[in-house]
Amino acid sequence: MRFDILTLFPDMFSSPLRGSILGKAIEKGIIQIRTINIRDFSLDKHQVVDDSPYGGGQGMVMKVEPIARAIESVKSQNPSVRTIYLTPQGKPFSQDLARKLSTQPHLILLCGRYEGVDERVRELFIDEEISIGDYVLTGGELAAMVLIDAVSRLIPGVLGSDRSAEEDSFFNFLLEYPQYTRPFDFRGRCVPEVLLSGNHSAIALWRRKEALKRTSLKRPDLLAKANLSEEDKTLLEEILRGNSMDDCGLPNRD
Ligand code: 4HQ
C-alpha cells in the first residue's frame with residue numbers, strides 16, 4: 001500500500017513513521033510512504049502557499065493552486081488514487097474505517113495548516129474527509145500519522161506473522177484483559193494465581209471475564225456493541241454481582 005502525504009512540514013514524518021514496526025514494513029516493501037512538500041508546487045517566486053481569507057477574518061487560508069498541482073502530480077502517475085483531507089469536519093476515524101482503508105492500494109493524505117484549505121480544494125479534489133477526534137490540532141500532520149499507523153498494522157505482513165492485528169482490542173468491541181510479566185510479586189502486588197496454573201481453559205475464562213469487567217467499567221458504550229455469547233452474559237452477571245477475585249486471587253469481601 002502506498003501513502004502520499006501532502007504537507008508543508010515533511011520533516012515531521014521522518015522519525016515517527018520510519019520507527020520500528022512501520023520502518024520494517026517499509027523495508028519489506030509492504031508499505032510505501034512518500035512526503036510531498038506543497039511549497040514545491042508553488043509557482044510564485046517566494047513560494048507562497050497561503051493568503052488572507054476573502055471577506056476578512058483571522059488567520060490565513062491555504063491557496064488552491066499549489067495543492068491542486070501537488071495532487072495532480074500524484075494523479076498523473078495513478079489516476080485512481082483516492083484523496084483524503086484530515087479535518088475535524090470529517091467522518092470520525094475508527095477501527096472499522098481503518099479496516100476499509102487498509103484494502104486501498106494508494107491514498108493521498110492532505111494535511112492542512114492555519115485556517116485550512118480554500119473550499120475549492122474540497123470541491124474539486126477531496127474524495128473523503130476524516131477526523132481523528134473532536135479536538136483541534138495545529139495541523140493535519142499528526143492526524144495523518146495516526147491514520148497511517150492504524151491502517152498499516154492491518155496490512156498482512158506488517159505485524160508479526162503469527163498474530164492477527166484483529167485479535168486486538170476493538171475488533172470485538174472489548175477492551176484487552178490485564179497483562180503481567182515478571183516479577184510475580186511487585187511491592188506486595190501479586191500476579192493473579194490463575195495465570196501461573198498452566199490451566200489454559202481457566203486462563204482463557206479469567207481473561208474473558210476481565211475483558212468484560214473492564215469494558216463494562218471503563219467503556220460501557222463499547223459493551224453495547226460487543227457480540228456477547230450466553231457464557232459472556234453469565235460472566236457479566238457474576239461481575240455485576242461483584243463476586244470477583246482481587247489481584248492476589250483472593251475472594252473479595254463483600
Ligand atoms: N486539524 N482530525 C485544523 C484537526 C484534525 C482533527 C486538521 C486542525 C486540519 C486545518 N484533523 N487543520 N481533529 O484538528 O483531523
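Laboratory data are not the source of any read-out in this text; all were calculated from the coordinates shown. Remember, predicted model here, so these are calculated numbers, not experimental data. Neighbour counts are summed over all protein chains in view; Cβ atoms, including those assigned to glycine, are modelled from backbone coordinates with ideal geometry.
Below, the figures for the structure above:
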| quantity | calculated |
| --- | --- |
| Stretch in the chain that is longest and holds no chymotrypsin sites (Phe, Trp or Tyr not before Pro) that DSSP places in a loop and that have at most 14 other beta carbons within 10 Å | 55-134 |
| Cα centroid separation, the range 196-243 to the range 94-113 (Å) | 32 Å |
| Axial C-alpha extent at least 15 Å, average Kyte-Doolittle at least -0.5 - helices from the chain (DSSP) | 64-75, 141-152 |
| Intensity falloff of the range 1-97 expressed as log10 I(q)/I(0), Debye formula with alpha-carbon point scatterers, at q = 0.11, 0.12, 0.21 Å⁻¹ | -0.44, -0.53, -1.27 |
| Leading residue at positive end of dipole, the chain (Cβ point charges), from TRP206, ILE36, SER102 | TRP206 |
| Top of GLU115, GLU231, GLU27 by mean-square fluctuation, Gaussian network on the chain, Cα under 10 Å | GLU231 |
| Normalised alpha carbon radius of gyration of the range 62-124 [divisor 2.2 N^0.38 Å] | 1.19 |
| Gaussian network model of the chain, Cα within-10 Å springs - most flexible of GLU123, GLU141, GLU65 | GLU123 |
| ³J(HN,Hα), Karplus 6.51/-1.76/1.60, whole Hz, each residue of the range 102-118, x for Gly, Pro | 5, 8, 7, x, 7, 10, 9, 10, 8, 9, x, 10, 6, 8, x, 9, 3 |
| Calculated on alpha-carbon atoms, Rg and Dmax of the chain in Å | 23.7, 76 |
| Relative contact order %, the chain, counting alpha carbon pairs below 8 Å whose residues are six or more apart | 18 percent |
| Volume of the Cα convex hull of the range 39-176, divided per residue and given in Å³ | 133 Å³ |
| For HIS106, distant residues with modelled amide H under 5 Å away | ARG2, ARG82 |
